[in-house]
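Notes for the one structure printed next.
The values are calculated or read from the model by the stated rules, or taken from the named source; none is laboratory data. Since the model is a prediction, treat every value here as computed from it, not as a measurement. Using ideal geometry, Cβ is built from the backbone for each residue, glycine included, and neighbour counts are taken over all protein chains shown.
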Amino acid sequence: MTDVHEIRRKNLIELISMYKSVANLNSALGRKRYDGTFNQIKNKSQPPSAKTPRVMGAEVAREIEMKLHLPPGWMDVVHDKPQTELIKESEIFLKSSFNRIRSYRLNSVTPSNLTFTLFDGEMKLSDYFIKSVLKASSEENLRFVVVEDNSLKSKCKIGDALILDFGVNTFTREGIYLIEVNGKQLLRLISIDYEGGYQIRTDDFSQRLTDLSRIKILAKALYVCSGTSL
């Protein structure tokens, strides 16, 4: 029977691979980026004052599961299919759907504004991808939208497809939001400035508001077709 500490170590290595580095994993967990704890566990390092290599205890394992939205006990179980594979499968599904949507929209002779397309009924994303990569409210709230202007070309260009979360109707943090102003739907970058107000921006325009009561937030963009989590 495999020791639970070794199982946790292997699952930790999988998470480090998924987040590309120990520093990124530390940030995702709210730790200091260069905290050496996980490197020590990964490498079975033995602290000078210890008689055995450093291992991951139950408290840290539960903290990881809670903060990364993993099922309880996930760190203690051997997984047949690594989470990185599940994420890759989800991204393949997404890009395939993006391409179909873009092809349809770009070749359509009927002019349209922002038209939303539901996920295909047969398309499934892993729960981990939805909760930890997209950080979405739920799969049911996700929609695709095709970008039709270059006002945010530094973030997304004409023909790109975004995933929008319609479960997010208030400002949560800096990012691209679908907003409604005077009955018109717009994609805008919203951030908080140093005075506590809000900057509503495109690449060529910026407006400062003391509060967001004048605009209606319809959704938040989570992902672009190039495979970037926003």
Of everything in segment 215-230, what is of a type outside the set (Gly, Ala, Ser), modelled with pLDDT under 85 and either over 21 Å from ALA161 (Cα atoms) or touching an Asp or Glu at 6+ places or on another chain (Cβ under 8 Å) (or both)? Give them in sequence order. VAL224, CYS225
Return the residue satisfying two criteria in turn: it lies in segment 1-24 and is free of Cβ contacts under 8 Å to residues at least 40 places away in the same chain and hydrophobic (A, V, I, L, M, F, W, C), and of such residues it is surrounded by the fewest Cβ atoms within 10 Å (Cβ to Cβ). MET1
Long-range neighbours under 7 Å by Cβ, at least six apart or interchain, first residue under 21 Å from ILE130 (Cβ atoms) within segment 202-224, second of a type in the set (Gly, Ala, Ser): LYS220/GLY175; ALA221/GLY175; LEU222/ALA136; LEU222/SER229; TYR223/SER229
Of all residues in segment 26-62 being surrounded by 16 or more Cβ atoms within 10 Å (Cβ to Cβ) and of a type in the set (D, E, K, R), the one that is farthest from VAL4 (Cα to Cα): ARG31
Would you tally the residues in segment 1-28 being in a loop (DSSP other than H, G, I, E, B) and farther than 19 Å from VAL77 by Cβ? 3
Residue check: is ARG62 modelled with pLDDT of 85 or more and part of a loop (DSSP other than H, G, I, E, B)? no
Subset of segment 200-214 that is among the hydrophobic types (A, V, I, L, M, F, W, C) and surrounded by 12 or more Cβ atoms within 10 Å (Cβ to Cβ) - its residue that is modelled with the highest pLDDT: ILE200
Residues within segment 68-86 that are out of contact with any helix residue (DSSP H, G or I) (no Cβ under 7 Å at 6 or more places or on another chain), part of a helix (DSSP H, G or I) and either closer than 16 Å to THR37 by Cβ or at pLDDT 85 or above (or both), tallied: 0
Give the residues of segment 160-174 that are surrounded by 16 or more Cβ atoms within 10 Å (Cβ to Cβ) and at pLDDT 90 or above, sorted by residue number. VAL168, PHE171
In segment 23-59, anything closer than 22 Å to VAL133 by Cβ, of a type in the set (A, V, I, L, M, F, W, C) and over 18 Å from the mean Cα position of the chain (by Cα) is listed as PHE38
Kindly indicate the residue of segment 133-151 that is touching a strand residue (DSSP E or B) at 6+ places or on another chain (Cβ under 6 Å) and in a loop (DSSP other than H, G, I, E, B) and also modelled with the lowest pLDDT among those meeting that condition. LEU134
Considering segment 4-20 alone, what residues qualify as being at pLDDT below 90 and out of contact with any helix residue (DSSP H, G or I) (no Cβ under 7 Å at 6 or more places or on another chain)? LYS20
Determine, yes or no, whether ILE190 is over 18 Å from the mean Cα position of the chain (by Cα), in the same structural domain as LEU152 (by TED's automatic domain parsing) and surrounded by 12 or more Cβ atoms within 10 Å (Cβ to Cβ). no
